[in-house]
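Worksheet: one structure, shown below.
We did not get these values from a lab; they are worked out from the coordinates using the rules stated. All figures in this text were calculated on a predicted structure; none of them were measured in a lab. Note: ideal-geometry Cβ built from the backbone for every residue, glycine included; neighbour counts use all protein chains shown.
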Amino acid sequence: MSHLAAKKAASHRPLAISLLLGVSGWVAGGFTLMLVELMFRPATTGHEAFYGLLLLGMAWGLFKTDCDGERVFVAQLALALSIAGQCLVLFAMTKNAHGIGPIASAALLLQVALALVMPNRLHRTLSTFFALVAWALTVRFVLFGEPEDWYRSGSPYSASLPAALAGWILAWGPVATILGLVIRREAMWAGRSWAPALSSIVTGLIVGLAFATLASHPFESFRWFGGGGANLGYLALWPVLSALASLGALAVAFELRRRGLMALCAVAALLHVGHFYYALGTSLLVKSLLMLMMGVAFLVGAHVLRSKESA
């Protein structure tokens, strides 16, 4: 086991507990946002930005007083304040924005800044994950247009094979490359003072890569969205590409000996396979053959991982 993996095993909460804390923080953040809206009623962009930055500053201060991350109440209060502050700042940044692309771009800048600044492991992981969501949505809608434009014109964009592959690689190729470089050079940074912060960001990269398509291409292929579903052409291949990316994220989690992350990556791969089956506009026979081929690929991947573990 590597130095980083041993350190993680000794100091981190179980992943399920961290996820539960993250979800509860988002719920509390929603109530905090409603409380701020009711009490202060920010009517202008300047007011929203001021109150948002104030809440983020309060969250930073609370996180700073809980350096070891053991005081759960303090950390959850800070997370709730941060989420409410993020919403207010994002509202201020995108007051006059039209469409998902500009909002996603603003959210990307905000989440990257928070991932670097906030002194808390769970917050860094969540900010990294949502930064990847925002990046994927930015690429998705800048390259292929907004869904509302598709349905207004009555002819959804049908991506060609080169465009679909290039779009997916642009969205997730840099993420996979950065993650691979960081893990490959783990021995160089594992003992540094900033290693815990980078470790939290690595966790967010793994989760983001695992849930790629569900973050960047979630709704258009389902029939209840936009009335009858969209003919997305080769964009329907994004889920199967992301299933492979989930296996890559699983391999990274395996290297770090993070069983909880491995389970999340396996669940993500199954979700991508189901999404691919639903999104692909072809006959049941072709779908069945493709599912068979994917099953064989997954079995081969499991055999490779088992061989590595025994070695």
Computed label-point distance, nm, for sites L290 and A187 using a 7 Å Cα→Cβ extension:
4.3 nm
Which order do peptides 161-171, 182-192, 269-279 fall in by mean Cβ count within 10 Å, highest first?
269-279, 161-171, 182-192
Label point 7 Å out from A263 along Cα-to-Cβ: which residues of segment 189-213 have amide N under 19 Å?
203-204, 206-208, 210-211
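Quickly rank 96-108, 291-303 as a protection proxy: mean count of other C-beta atoms within 10 Å, highest first.
96-108, 291-303
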Potential extension, L116-H303 segment - 0.36 nm per residue separation minus Cα distance
63.6 nm
Extended-chain gain in nm, criterion 0.36 nm per residue less alpha-carbon gap, F31 and V74
13.8 nm
Amide proton proximity set for A159, modelled H, under 5 Å, gap of 5+:
G233, Y234, L235
Per-residue Cβ contact counts at 10 Å, fewest first, order S193, S82, S288 as S193, S288, S82
Quote to one decimal, in nm, the extra length available between E255 and E146 on full extension: 0.36 nm per residue of separation minus the C-alpha distance between them.
35.4 nm
